[in-house]
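Colleague: First the structure, which I've put down as structure tokens, then a few questions once you've had a look.
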Amino acid sequence: MDQKNQPPSTKSAIGTIRTNSKGFGFVTLAGTPQTKKRDQEIVVTPEFINTALNGDEVEVRITGKYFDVRKGRSARRTSVEKGDFVQMAGQVECIVRRARTQFVGTLVQHDNQWWVRPDDRRAYVDFLIPANDPLIANASNRKNEKVLVTLAHWQANEHYPTGALVELIGTKGEHEVEIQSILLDRGIDQTFPEAVTAEAHKIEQTEKPLRAEEIARRRDMRDTVTFTIDPIDAKDFDDALSYKKIESGPHAGRYEIGVHIADVSYYVRPGTPLDTEALKRSFSVYLVDRTIPMLPEVLSNDLCSLNPHEDRFAFSAIFIMDDAGHIHERWFGRTVINSNHRFSYESAQDILNGSTGAGHEHAETLTTLNRIAKKMQQENYKRGAIDFEQDEVKFKLDEHGKPIAIIKKERLDTHKLVEEFMLLANREVAEFIYKKHGNGAGEHVHGAAGASIYRIHDLPERERLQELALFLQALGFHLPVKHGKITARDINILLESVKGVPEESLIKTATIRSMAKAAYSTKNIGHFGLGFSFYTHFTSPIRRYTDLVVHRVLAGVLEGTQKVFKDLEAVSAHASEREIVAAEAERASIKYKQVEYMSERIGQEFSGTISGVTDWGIYIEDTATRCEGMVPLRELGDDYYVFNPRTYTVEGERTRRKFRLGDSVRYRVVRADLDSKTLDYAIVS
């Protein structure tokens, strides 16, 4: 027997488990390099899950056996490089750390006992609620009660966990109940602790109006034309742009362009209750109907926000640039600004298009900035930035929160204008900090003076690239993967080639999923997707804690104080985790409203694109609303259909009728399940 094909000796290791609704677990071992994660993923079948739940840190024993995850059965060892689905098998020995102990679910009664069925289907088991639970008497009088339950007890020899009710949320299906459920299930709190609120109000009382002695310490930019460009319904303004044409001197004919960011670090100091809560949250969360801010609104919407016609403290990156977008000088520091105008993306676009409405006096400024932004965008593409621009949707809700329309967001030049100058500031700040305090070995030493947080994006995994190449080949497109690697230029060529074709959205989604996830780290490895060697997040400290930290680091560098931030690795790891939680909450609210929208349209027909094919069904994404549903193969009816994983098609054995990934189809809405947030469609012949 070939030595490399022998099963590994049984051993125990620590890792993080992810589970699915069927009770299977997949453990990624701690310390596994990004490029080896799949090779080192351990499959745990339900009988060996040992009470582990999704996200738990577990000790797993590798048994020396193998499991075929596609066929759902034991298997012999085969080569991973051949693209199969055989992985090492193991069993959970013990739970090292629970990822969470509270879950949102629905109360159900069975055999005269009360149970909570979790909304998160990855929690594959119901929770038993004891008859003497103090809240059960109130809850049992109402049907379909949504509740928050805590895991009270679950031993390895017990088939199900015992839970304790924490909160009665309300009746399932009501808008506010469902939104609260999404938040509570992810540990997102809409309210702030009293100490945090009190501190925020005290800051407002003592810091308004702005202190004259602090203004004197800053660069005064109040006489420079400055404005914000944000969504029409925005309430907090993180960033502003300033513009001045230089008339004389060595830079005559060039432009002084400022990127001004709310100086949150002046108000939120390390170690305070406000700072502790901001770290805990790490992000503002954006749902379909509301924003859950990282900071109390007295700061996020007022004192820190760069509101029009009000003096505000900012942390600024100011550049002297030419028409080609080249930087001739750069300056970083604290400023005081006064925004002359508050544009929405749409109103700024109207000015670019020749409107004489409000703000038209800034037409020349907007036109110049837009021209320079386009030049910078072209240079970024040459450098390797990938164009992952995708359609997004927004909802029009009635007074009861029900969706009455789903609208695709239009991507305007003004969106790209702001984005390019924010990218510029983030990149330049990252490089400035790194070159001032880098250790010369490609990273900052943990705990070293000047250490910072970077926004990093690793190279794609070899296996994911190979799978993407096969996927694209089935659709008739080519991706030149060589030795398991690819360049950003190759991806851009692909994305350019699919513009306007029915499969465009599908291919962009598949390509994004094949990429490594962007994350926060104290180790600068660059950002593959943007093509930057240095990148950080500096431009949104009202809604991202990492940006607040970077402001503090930059202040230390500029002041030469050699500040030491010993906890930056922990902050980076926590922020990366909370970013995923915030994104999950946003997606859950969107998915719920999409299903709710389609639930009012049962029996109606629409146009869509086949977005996925599997051996159990065909997935279709609606063209107008991006509402995705599934057509079970068994319900196609006229034939027995077989899935071909190599060509991403399903084909009828008798009729040879094919459905291919990317095909345009007409479909009918058959069912909408708000509990599971799923839609069932039927293809219209």
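No lab work stands behind these numbers, since they all come straight from the coordinates. Keep in mind that this is a model prediction, so the values were computed, not measured. Counting neighbours? That spans all protein chains shown, and the Cβs are built from the backbone with ideal geometry, glycine included.
Colleague: Cβ neighbours within 10 Å, averaged per peptide: list 333-341, 254-262, 370-378 in order, most packed at the top. Present the calculation step by step, with values, prior to reporting the outcome.
Modeller: On the way: 333-341: 20.7, 254-262: 23.8, 370-378: 18.0.
Ranking the peptides 333-341, 254-262, 370-378 by packing returns 254-262, 333-341, 370-378.
Colleague: Between residue 159 and residue 607, what is 0.36 nm times their sequence separation minus the Cα-Cα distance? Round to one decimal in nm. Spell out each step's value before the answer.
Modeller: Working: separation 448, 0.36 × 448 = 161.28 nm, distance 4.52 nm.
Stretched fully, the residue 159-residue 607 segment lengthens by 156.8 nm.
Colleague: Normalised by the empirical 2.2 N^0.38 Å for globular proteins, what value does the Cα Rg of the range 186-307 take?
Modeller: On the way: Rg = 17.4 Å, N = 122, 2.2 N^0.38 = 13.7 Å.
Scaled against compact globular proteins, the figure is 1.28.
Colleague: For the range 102-172, go through all pairs of different Cα atoms, get the mean of 1/r, take its inverse, and jot down that Kirkwood value in Å. Let's see the in-between values first.
Modeller: Values: mean 1/r = 0.0837 Å⁻¹.
Over the range 102-172, the inverse of the mean reciprocal pair distance is 12.0 Å.
Colleague: Please list, in chain and number order, the residues 5+ apart from residue 623 or on another chain whose amide H is under 5 Å from its amide H, with Hs placed from the backbone.
Modeller: Those qualifying (amide H under 5 Å, at least 5 residues apart or on another chain) are 607, 608, 609.
Colleague: Between the range 156-204 and the range 286-358, what's the alpha-carbon centroid distance in Å?
Modeller: Their Cα centres are 33 Å away from one another.
Colleague: A further question on this structure: Enumerate the amide H contacts of residue 393 below 5 Å, restricted to partners 5 or more residues apart or on another chain; note that Pro and chain-start residues carry no placed amide H.
Modeller: 409
Colleague: Arrange the peptides 654-660, 232-238, 12-18 so that the one whose residues have, on average, the most other Cβ atoms within 10 Å appears first.
Modeller: Working: 654-660: 13.4, 232-238: 16.4, 12-18: 18.3.
Per-residue Cβ counts within 10 Å, averaged per peptide and sorted highest first, yield 12-18, 232-238, 654-660.
Colleague: Where a Cα-Cα gap under 14 Å defines reach, which aspartates and glutamates qualify for residue 436, not counting those fewer than 8 residues away within the same chain?
Modeller: Within the straight-line limit of under 14 Å, residue 436 reaches these aspartates and glutamates: 428, 559.
Colleague: Give me a comma-separated list of calculated 3J(HN,Hα) values for the range 269-276, in order, Karplus coefficients 6.51, -1.76, 1.60 applied at θ = phi - 60°, integers in Hz, x for any Gly or Pro.
Modeller: 9, x, x, 7, x, 4, 5, 4
Colleague: Now for a different question. From Cα pairs below 8 angstrom and at least 6 apart in sequence, can you work out the relative contact order of the chain, rounded to a whole percent?
Modeller: On the way: 1414 pairs, mean separation 66.4, N = 685.
About 10 percent, as a whole number.
Colleague: Moving to a separate point now. Towards the positive end of the charge dipole of the chain, with charges on Cβ (+1 Lys, Arg; -1 Asp, Glu), say which of 284, 627, 612 has the farthest Cα.
Modeller: Result: 612, furthest along the dipole toward the positive end.
Colleague: Taking θ = phi - 60°, what integer Hz values does the Karplus form 6.51 cos²θ - 1.76 cosθ + 1.60 yield along the range 280-287, in sequence order, with x for Gly and Pro?
Modeller: Each residue of the range 280-287 in turn: 4, 6, 6, 9, 6, 10, 10, 9 Hz.
Colleague: Using the Kirkwood radius built from alpha carbon pairs, what does the Stokes-Einstein equation give as D for the chain at 10 °C and 1.306 mPa s, in µm² per second? Don't skip to the end; give the middle numbers.
Modeller: Values: Rh = 28.0 Å.
My calculation gives 57 µm²/s for D.
Colleague: Follow-up. Which angle from 0 to 90°, rounded to the nearest 10, does the C-alpha axis of helix 504-514 make with the longest principal axis of the chain?
Modeller: 90
Colleague: When the expected Rg is taken as 2.2 N^0.38 Å, what fraction or multiple of it is the alpha-carbon Rg of the range 572-685? Display every interim value, and only then the final one.
Modeller: On the way: Rg = 16.1 Å, N = 114, 2.2 N^0.38 = 13.3 Å.
After normalising by residue count via 2.2 N^0.38 Å, the value is 1.21.
Colleague: Taking the dipole about the Cα centre of the chain, with the C-beta of Lys and Arg at +1 and of Asp and Glu at -1, give me whichever of 484, 193, 164 is farthest to the positive side.
Modeller: Comparing the listed Cα positions along the dipole, 484 ranks first.
Colleague: Angle, helix 413-437 long axis vs. longest principal axis of the chain, Cα atoms, 0 to 90°, nearest 10?
Modeller: 80
Colleague: Kindly provide the GluC sites (Glu not before Pro) of the range 611-685 that DSSP labels as loop, not H, G, I, E or B, and whose Cβ sees at most 12 other Cβ atoms within 10 Å.
Modeller: Values: sites: 621, 628, 635, 651, 653; in loops: 653.
Counting only loop positions with at most 12 other Cβ atoms within 10 Å, the GluC sites (Glu not before Pro) in the range 611-685 are 653.
Colleague: Using 1/(1 + (r/R0)^6) with R0 = 35 angstrom and r between the beta carbons of residue 485 and residue 94, what's the FRET efficiency to the nearest 0.05?
Modeller: On the way: r = 39 Å, r/R0 = 1.12.
Taking R0 as 35 Å, the efficiency between residue 485 and residue 94 is 0.35.
Colleague: Which one of 109, 299, 21 is farthest out on the positive end of the charge dipole of the chain, using unit charges on Cβ (Lys, Arg +1; Asp, Glu -1) and the Cα centre as origin?
Modeller: 21
Colleague: Does anyone have the angle between helix 462-475 and the longest principal axis of the chain? Alpha-carbon axes, 0 to 90°, nearest 10?
Modeller: The angle comes out at about 80 degrees.
Colleague: Could you run the Karplus curve 6.51 cos²θ - 1.76 cosθ + 1.60 with θ = phi - 60° over the range 608-614 and give me ³J(HN,Hα) per residue in whole Hz, x for Gly and Pro?
Modeller: Computed from phi, the couplings for the range 608-614 are x, 10, 5, 9, x, 10, 9 Hz.
Colleague: Something else about it: Are there GluC sites (Glu not before Pro) in the range 131-186 that DSSP puts in a loop and that have at most 13 other Cβ atoms within 10 Å, and which ones?
Modeller: On the way: sites: 145, 158, 167, 174, 176, 178; in loops: 158, 174.
Sites meeting the loop and neighbour criteria: 158.
Colleague: Let me ask another. Enumerate the lysines that residue 409 could reach by cross-link, defined here as Cα to Cα under 29 Å, with residues fewer than 8 away along the same chain left out.
Modeller: Leaving aside lysines fewer than 8 places away in the same chain, those within reach of residue 409 are 235, 374, 375, 382, 394, 396, 499, 508, 517, 591, 593, 677.
Colleague: Could I ask something else about it? Could you work out the helix-only [θ] at 222 nm for the chain, with each DSSP H run of four or more residues adding -39,500 (n - 2.57) and the total divided by the number of residues, to the nearest 500 deg cm²/dmol? Show your work: numbers first, answer last.
Modeller: Values: 14 runs with 183 residues, N = 685.
That calculation yields -8500 deg cm²/dmol at 222 nm.
Colleague: Give the aspartates and glutamates reachable from residue 658 as a straight Cα distance under 17 Å; neighbours fewer than 8 places away on the same chain don't count.
Modeller: Straight-distance partners of residue 658: 503, 615, 635, 638, 639.
Colleague: In nm, to one decimal, how far is the residue 68 label point from the residue 379 one, both placed 7 Å along Cα→Cβ?
Modeller: Roughly 5.5 nm, to one decimal.
Colleague: Once Rh is set to the Kirkwood radius over Cα pairs, what Stokes-Einstein translational diffusion coefficient, in µm²/s, holds for the range 369-528 at a temperature of 25 °C and a viscosity of 0.890 mPa s? Each step should come with its number before you reach the end.
Modeller: Details: Rh = 18.5 Å.
It comes out at roughly 133 µm²/s.
Colleague: Oh, and also: Taking the mean number of other Cβ atoms within 10 Å as a proxy for protection, how do you rank 19-27, 546-554, 398-406 from highest to lowest?
Modeller: Details: 19-27: 18.6, 546-554: 25.2, 398-406: 13.1.
Top of the packing list down: 546-554, 19-27, 398-406.
Colleague: Size of the dipole of the chain about the Cα centre, Lys and Arg at +1 and Asp and Glu at -1 on the beta carbon, nothing else charged, in debye to 20?
Modeller: Here the chain has a charge dipole of around 2100 debye.
Colleague: Taking all pairs of distinct Cα atoms, average 1/r, flip it, and tell me the Kirkwood hydrodynamic radius of the range 300-401 in Å to one decimal place. All intermediate terms of the calculation are to be shown ahead of the outcome.
Modeller: Values: mean 1/r = 0.0588 Å⁻¹.
One decimal place: 17.0 Å for the Kirkwood radius.
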